[in-house]
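Single-structure report; data block below.
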2 protein chains.
Amino acid sequence: MLTLYSNQGSGNCYKVRLLLHQLGYEFETREMDVVAGACQSDEFKAINPAGQVPALVLDEGMVLCQSNAILLHFADETQYMAMDYFDKSLTYQWLFWEQYSHEPALAVARYSMHYLGQSEAEDPRLPMLWQKGYQALDVMEKHLCDQDFFVGNRYSIVDIALFAYSHVADQGGFDLAAYPKVSAWIDRVKSQPRWKSMDEI
Amino acid sequence: MLTLYSNQGSGNCYKVRLLLHQLGYEFETREMDVVAGACQSDEFKAINPAGQVPALVLDEGMVLCQSNAILLHFADETQYMAMDYFDKSLTYQWLFWEQYSHEPALAVARYSMHYLGQSEAEDPRLPMLWQKGYQALDVMEKHLCDQDFFVGNRYSIVDIALFAYSHVADQGGFDLAAYPKVSAWIDRVKSQPRWKSMDEI
């Protein structure tokens, strides 16, 4: 049985849970209290020295970390991964972009506001995070102008990765009213077979 | 002919130039003045809407961005990519870790100090960047305790990716004296066939 060290509210962990569920895998989750510092314990660092969730223990005992690496591992040769050679490279491109230019803005603003309950007065990084986050949403809105999904015009792990923090962007102070294409794509992801919300899995 | 929109001093761009050189590809570079904002021009954003280098225009006119995605694209089925199935997944893991937990500390501190000439008084983020960067170096030092390279015990794109900013860490205020394993690995990378320094390619 796969064992996933996970946090219920983490978008990065949700990505993995959603793909595993859509693929029909069974897995056990070990809930990690990130805010309380559970990921920094010696016990957990023996599993993932980087001290981050998600961390997935495979049946053979090997450990795989980094949400998007886990997505690539399980999506390989399934309908959730691009088949075309160059589309595979574009999949990598968007997954790296998500972790570098999207998640560090949307997820960090959400963590500050939604989990730590901070306002702009308490977290002076928030205006900069909003600026960076809206730039990321601009890139997504433009890309979705003439296609329904991010790569190869079909639902894939790129959509799962970008959906994770986009669909809860409001919890980080973002307003998606000016992003009709992103909003329609969020609804499109939610209508995929076996889709489950962050709270359901 | 491949056309690489690149910046000479950028570690992310150097990764791509080094792999292409080691693989024997010929490519043209278009030097982009990142500090002067060249990546934010409308002309460049027509090539990469995310406004980032490296951006590589392939022979067929298609554009691929994100340094580690470009590494994965060109390393596929070469000696620079792991062959074993799980080692491929670990390759993804380390590449995402580099972009999330390593580059945002080492590269950003280097950019601030080396390119903008800022001190701690001028850039209050520096102490936090040093703390995060040393945590990343700790993870590397530990991993290199019992292996010469990061994945599959041979030189691969993971080493290229991590080398890019590790070997110039001093320019961001980091001292590698306490990292003998990382320092020895840096020398090991420099001794690889067809290795070239950042200034040479």
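The values are calculated or read from the model by the stated rules, or taken from the named source; none is laboratory data. Quick caveat: nothing in here was measured; it's all calculated off a predicted structure. Glycine also receives a Cβ, built like all others from the backbone with ideal geometry; neighbour counts cover every protein chain displayed.
Worth pointing out:
- Residue-level check: of (1) within 11 Å of chain B (Cβ to nearest Cβ); (2) closer than 25 Å to A:Glu200 by Cα; (3) crowded, with 24+ Cβ neighbours inside 10 Å, A:Phe74 misses just (3).
- Residue match in region A:23-32 (condition: within 8 Å of another protein chain (Cβ to nearest Cβ) and either crowded, with 19+ Cβ neighbours inside 10 Å or out of contact with any Asp or Glu (no Cβ under 8 Å at 6 or more places or on another chain) (or both)): no
- Members of region A:58-71 found to be part of a loop (DSSP other than H, G, I, E, B), surrounded by fewer than 24 Cβ atoms within 10 Å (Cβ to Cβ) and facing chain B (nearest Cβ under 7 Å), listed by number: A:Met62
- Number of the condition not met by B:Arg125 [criteria: (1) without any contact (Cβ under 8 Å) to a residue 24 or more places away in the chain; (2) within 10 Å of chain A (Cβ to nearest Cβ); (3) over 25 Å from B:Gln8 (Cβ atoms); (4) surrounded by fewer than 19 Cβ atoms within 10 Å (Cβ to Cβ)]: (3)
- Checking A:Ala55 against (1) of a type in the set (A, V, I, L, M); (2) touching a Phe, Trp or Tyr at 6+ places or on another chain (Cβ under 7 Å); (3) within 14 Å of chain B (Cβ to nearest Cβ); (4) surrounded by fewer than 24 Cβ atoms within 10 Å (Cβ to Cβ), the condition it does not meet: (4)
- Selection status of A:Gln93, away from chain B (no Cβ under 14 Å) and under 21 Å from A:Val189 (Cα atoms): no
- A:His114 vs. criteria surrounded by 18 or more Cβ atoms within 10 Å (Cβ to Cβ) and on the phi < 0 side of the Ramachandran plot: no
- Among (1) in contact (Cβ under 8 Å) with a residue 12 or more places away in the chain; (2) surrounded by 14 or more Cβ atoms within 10 Å (Cβ to Cβ) - the single one A:Asp199 does not satisfy: (2)
- If only residues of region B:5-43 that are among the aliphatic types (A, V, I, L, M) and either in a loop (DSSP other than H, G, I, E, B) or assigned by TED's automatic domain parsing to the domain that holds B:Pro104 (or both) are counted, the one that is nearest to B:Val63 (Cα to Cα) is B:Met32.
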